[in-house]
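Peer 1: One structure, pasted below without further comment.
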Amino acid sequence: MIASGRGPAEIGYLVVPSPAVRDAAVEAGQGLFAGLFGGLGAFLSAPEREASLRFSRAEDRLDYPASHAMFRLLAAWRLGLKPEDAAGLTVRRTCAGCGSTDHGKPSIEGVELSMSRSHGTVMAAAGPAGASLGADLERVPARVFAGFDEFAVAPEEHPGADGPELTDAGRIRLWVAKEAALKAAGLGLAVDPASLRLAPAGPRGHLSAQSPTNPAVDGLLVRPVPAPDGYSAAIASAADLPVRAVPLAEIFATKKQGPNVKRLTFRYG
């Protein structure tokens with residue numbers, strides 16, 4: 001299915017635990033495949049259902065279908081479609097580096113999208129078609145890997161001898177912001193993260209991506225967004241659009257919300 005629509009001039013996003021997406025899918029109870037992956041199968045394409053079966057870790061077997069179902073549902077919501085239409089939407093991939101359609105950033109006609117998943121929590125964002133958009137989510141580890149600063153931190157971002165130390169949590173926030181910008185440009189880690197500098201942009205905690213040698217990245221606006229405890233999340237876009245957390249129940253359009261959906265909707269979106 002190919003759909004087109006304008007939608008509001010804003011970016012809508014969700015950052016929620018994977019079990020919450022599964023529970024909302026059970027509440028929705030839609031379609032022939034509603035019994036697969038805890039109800040998530042009703043909102044996935046056939047290739048996505050097949051891919052969900054290939055993961056060996058139980059956490060991955062939930063995170064993958066939860067993130068892809070939420071990606072499709074958010075697209076359907078943005079396009080003014082019903083939740084049951086989500087599985088039929090045509091998802092295309094295009095690699096900005098080589099032009100291949102076998103991999104690269106996923107997209108659905110009529111809406112700009114991005115998604116991410118990390119250790120039991122998933123994220124998706126949607127905005128107006130044609131506006132570059134990237135979203136990234138990471139769980140904050142106890143310690144970052146050795147050599148992180150050389151790989152991910154630009155020379156201008158290293159603290160001076162008299163400046164404050166960059167904490168591991170601060171490093172992950174920086175990494176997430178850079179990943180969001182590189183996803184918005186469709187380039188991913190084809191660009192060296194240390195070649196991208198993030199500078200403060202205005203009083204609201206926004207950041208400006210500075211990468212003169214990469215025009216698709218240079219000038220993107222990056223905004224940290226709320227995430228569950230122990231996680232960091234950010235959204236990058238080419239335009240300074242309003243950003244709104246979308247309630248989980250809204251994209252499922254559930255007629256009857258269970259207590260878990262209500263609680264998680266209140267806390268996270």
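Just so you know, all these numbers are worked out from the coordinates, no wet-lab data involved. Note that this is a predicted model, so its numbers are computed, not measured. All Cβ positions, glycine included, derive from the backbone under ideal geometry; neighbour counts span all protein chains shown.
Peer 1: Let me check I've understood the local charge: for Thr90, count other residues with C-beta under 14 angstrom from its C-beta, Lys and Arg +1, Asp and Glu -1. What total comes out?
Peer 2: 0
Peer 1: While we're on this one: Tell me, what HN-Hα J-couplings in whole Hz come from the Karplus equation 6.51 cos²θ - 1.76 cosθ + 1.60 at θ = phi - 60° for each residue of region 232-246, using x for Gly and Pro?
Peer 2: Calculated HN-Hα couplings, in order: 10, 9, 8, 10, 10, 8, 7, 10, 7, 8, x, 10, 10, 6, 9 Hz.
Peer 1: Given the options Val26, Val176, Val217, which has the most mean-square fluctuation in a GNM of the chain, springs set between C-alpha atoms less than 10 angstrom apart?
Peer 2: Answer for the Gaussian network model of the chain: Val26.
Peer 1: With Rg and the Kirkwood Rh both taken from Cα atoms, where does Rg over Rh land for the chain?
Peer 2: 0.97
Peer 1: Quote the Stokes-Einstein diffusion coefficient, in whole µm² s⁻¹, for region 132-238, based on the Kirkwood radius over alpha carbon pairs, a temperature of 10 °C and a viscosity of 1.306 mPa s.
Peer 2: 115 µm²/s
Peer 1: Report the full-extension gain for the segment Ala46 to Asp240: residue separation times 0.36 nm, less the Cα-Cα distance, to one decimal in nm.
Peer 2: Length gained, Ala46 through Asp240: 66.2 nm.
Peer 1: If you don't mind, there's one more thing I want to ask. Cβ under 14 Å from Thr167's Cβ, Thr167 left aside: what net charge do those residues give with Lys, Arg +1 and Asp, Glu -1?
Peer 2: Result for the local shell: -1.
Peer 1: Rank by packing, highest mean first: peptides 105-117, 227-239, with packing defined as the count of other Cβ atoms within 10 Å averaged across residues.
Peer 2: Listed from highest to lowest mean packing, they are 105-117, 227-239.
Peer 1: In percent, what relative contact order does the chain have, based on Cα pairs under 8 Å that are 6 or more apart in sequence?
Peer 2: Contact order relative to length: 22 percent.
Peer 1: Check cross-link reach from Lys178 to the aspartates and glutamates: straight Cα distance under 16 Å, and skip same-chain residues fewer than eight apart.
Peer 2: Straight-distance partners of Lys178: Asp136, Glu138, Asp149, Glu150, Glu156, Glu157, Asp168, Asp192, Asp218.
Peer 1: What is the order of His103, His206, fewest Cβ neighbours within 10 Å to most?
Peer 2: In increasing order of surrounding Cβ atoms, one gets His103, His206.
Peer 1: Looking only at Gly127, Gly170, Gly202, which one moves most when the chain is put into a Gaussian network model with springs between Cα atoms under 10 Å?
Peer 2: Gly202
Peer 1: Still on this structure, please answer the following. Once every DSSP H run of n ≥ 4 in the chain is given -39500 (n - 2.57) and the sum is divided by its residues, what mean residue ellipticity at 222 nm do you get, rounded to the nearest 500 deg cm²/dmol?
Peer 2: Rounded to the nearest 500, it is -8500 deg cm²/dmol.
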